[in-house]
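Accompanying notes for the structure given below.
The values are calculated or read from the model by the stated rules, or taken from the named source; none is laboratory data. Here the structure is a predicted model, which means the values were calculated and not measured. Cβ sites come from the backbone with ideal geometry, for glycine too, and all protein chains shown count toward neighbours. To get the accessible areas, we keep the full protein, side chains included, count just its heavy atoms, and leave off ligands, DNA and RNA. Shrake-Rupley method; radii C 1.70, N 1.55, O 1.52, S 1.80 Å.
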Amino acid sequence: MDQRNFYIETYGCQMNVSDTEIVNSILMEEGMQPVNEPDEAEVIFVNTCSIRENAEERVWNRLKEFKALKREKDGRLTVGVLGCMAERIREQIMEKEELVDLVVGPDAYRDLPKLLADVDDGRKAVNVLLSLEETYADVKPVRTNDNGVSAFVTIMRGCDNMCAFCVVPFTRGRERSRPAESILDELQRLSDQGYKEVTLLGQNVNSYDDGEHSFADLMYKASQVDPEMRIRFSSPHPKDFPEELLQSISEQPNLCNYIHIPAQSGNNAVLERMRRPYTREQYLDLVEKMRKIIPGVTLSTDIITGFCDETEEEHRDTLSLMAEVKYDLAYMFAYSERGRTLAQRKYEDNVPEEVKKRRLSEIIEQQMNIQEELNKKEIGRRHLVLVEGTSKRSDEQLRGRTDTNKMVVFDRRDYEKGDYVEVTITDCTSATLMGDPIRKSSIAEFEAEPVAV
């Protein structure tokens, strides 16, 4: 048994957070113990993200800091890179800059004990092979840094969509789905442990198919595990969103009235260059259907500005789409070219940086105004808020989320983390609602106010 302490620093998406929990489990089975600070560890892992350039830059800087820490410890420290950056940068970080001792791709975490043993024997250790089968379905994730209230559960791995800008198919491989039974078992364990909210994760969750269950089937079955546990999901793709799922969300009180539906652009020519197989018109039809079937649903999106060859007119189409939909939240980024993608091979990253920055600032400014406008309409409404913890500004206040994924801050009184509290909204900013707590409640007890369509 390996008695060493380990520390994992996680970058990027919720999927990486979920992967860290799988690695925790594998290492703890070997007798290793997680710690919260890198200087307490004998083994440090950086779980990496390749989606955007700034995440990669932070990883590089961190690896250099850990190399210095290794010198301070006279070499008695093992440093490894996990996840999406692993294969692409392994030669540079291992051979040229000698920053790490092992490099492990997202499908090779079961190999970690053997790879650590190789390092102990004085060898560099690498496994970045992608798998067509690996889903880690039998690994029970160990959650060491969450709030004990909300958790992520990965239902599938990889992606087959091949969007022109996206590196995920190359770093995480082809799509494969976890058996529904193993997912439902994990949800039951989380319920037994007191978790009140779970987000089901996949690169395109609507593609989920374990041979017996579709994603809509899985979501319905998930809603039946514990009627007092909220279920969310991320991310779906607009091209194949099942109407059956919309019906389930409208009917099951614990399926949250919030959908993240990435648009990426509001212009058809850009969408075609991005290899997004839908038009602006089809996207807007889907939004209309969502709002018709689920009155009061809130929507969020992903937007990329400054993609290859994007003109001012195409940029304005994205602004107009966002103004028409009125998203409650948006994740907005300037395009950064990723190696191995179709866009890198086929197009030129030819929108100047200053133009990208200006367009991004225009998109952000408009979105913040929309969010403030939507949040002002929440004043006077009642919401059921799941308490996640204390407010960042004051221990005398709590923070939590509505079913529609809006953050609410209210006075602490005698409420606790994990409680459902009925709250009347009294004020807002573009990012947060403020409210007065009425009483402790539950999903079954709470009667939502009717929403005008």
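Can you bin region 1-138 into rounded, prolate or oblate? Criterion: square roots of the alpha carbon gyration tensor eigenvalues sorted a ≥ b ≥ c, rounded for a/c under 1.5, prolate for a/b above b/c, oblate for the rest.
On the way: a/c = 1.34, a/b = 1.06, b/c = 1.26.
Here region 1-138 falls in the rounded category.
Computed about the Cα centre, the dipole magnitude for the chain is approximately 540 debye when only Lys and Arg (+1) and Asp and Glu (-1) carry charge, each at its Cβ. Where a ≥ b ≥ c are the square roots of the eigenvalues of the C-alpha gyration tensor, would you call region 351-440 rounded, which needs a/c under 1.5, or, failing that, prolate if a/b is larger than b/c, or oblate? Judged from the Cα gyration tensor, region 351-440 comes out prolate (a/c at least 1.5, a/b above b/c).
Modelled spin-label separation between Asp192 and Gln397, with each label point placed 7 Å from Cα along the Cα-to-Cβ direction: 3.9 nm. Straight Cα distances below 30 angstrom link Lys73 to the lysines Lys64, Lys96, Lys114, Lys124, with same-chain residues fewer than 8 positions distant left out. Phi-derived couplings, Karplus 6.51 cos²θ - 1.76 cosθ + 1.60 at θ = phi - 60°, listed residue by residue for region 340-348: 6, 6, 4, 4, 5, 6, 10, 10, 9 Hz, with x used for Gly and Pro.
Within the accessible surface of region 194-293, defined with a 1.4 Å probe on protein heavy atoms only, the carbon and sulfur portion equals 43 percent. Give the shape of region 411-453 as rounded, prolate or oblate, defined through the alpha-carbon gyration tensor: a ≥ b ≥ c are the square roots of its eigenvalues, a/c under 1.5 means rounded, and otherwise the shape is prolate if a/b is larger than b/c and oblate if not. Note, shape of region 411-453 comes out oblate. With θ taken as phi - 60° and the Karplus curve 6.51 cos²θ - 1.76 cosθ + 1.60 applied, the whole-hertz 3J(HN,Hα) list for region 27-32 is 6, 5, 4, 8, x, 7 Hz, x standing for glycine and proline.
When the Cα positions of Met274, Asn145, Gly31 are compared along the charge dipole of the chain, Met274 comes out farthest toward the positive end, with charges on each C-beta of Lys, Arg, Asp and Glu.
Distances between placed amide hydrogens fall under 5 Å for Val79 paired with Ile44, Asp101, Leu102, all partners being 5 or more residues away or on another chain.
For Tyr331, the residues 5 or more places off, or on other chains, whose built amide H falls under 5 Å of its own are Thr301, Asp302, Ile303. Per residue, the chain exposes 44 Å² of accessible surface when a 1.4 Å probe is rolled over the protein heavy atoms with every protein chain present. Distances between placed amide hydrogens fall under 5 Å for Gly173 paired with Cys159, all partners being 5 or more residues away or on another chain. Relative protection proxy for 277-285, 104-112, 205-213, from highest mean packing down: 104-112, 205-213, 277-285 (other beta-carbon atoms within 10 angstrom).
For the ranges 389-402, 145-158, what's the packing order if you count other beta-carbon atoms within 10 Å of each residue, average per peptide, and put the highest first?
Values: 389-402: 16.5, 145-158: 20.1.
Top to bottom by mean Cβ count within 10 Å: 145-158, 389-402.
For the chain, the cysteines with no partner cysteine C-beta closer than 4.7 Å are Cys13, Cys49, Cys84, Cys159, Cys256, Cys308, Cys428.
Could you tell me which of the pairs Lys357/Lys406; Lys417/Lys440; Lys292/Lys326; Lys221/Lys406; Lys140/Lys196 are separated by over 22 angstrom between their Cα atoms in the structure shown? Cα-Cα > 22 Å for Lys357/Lys406; Lys221/Lys406; rest within.
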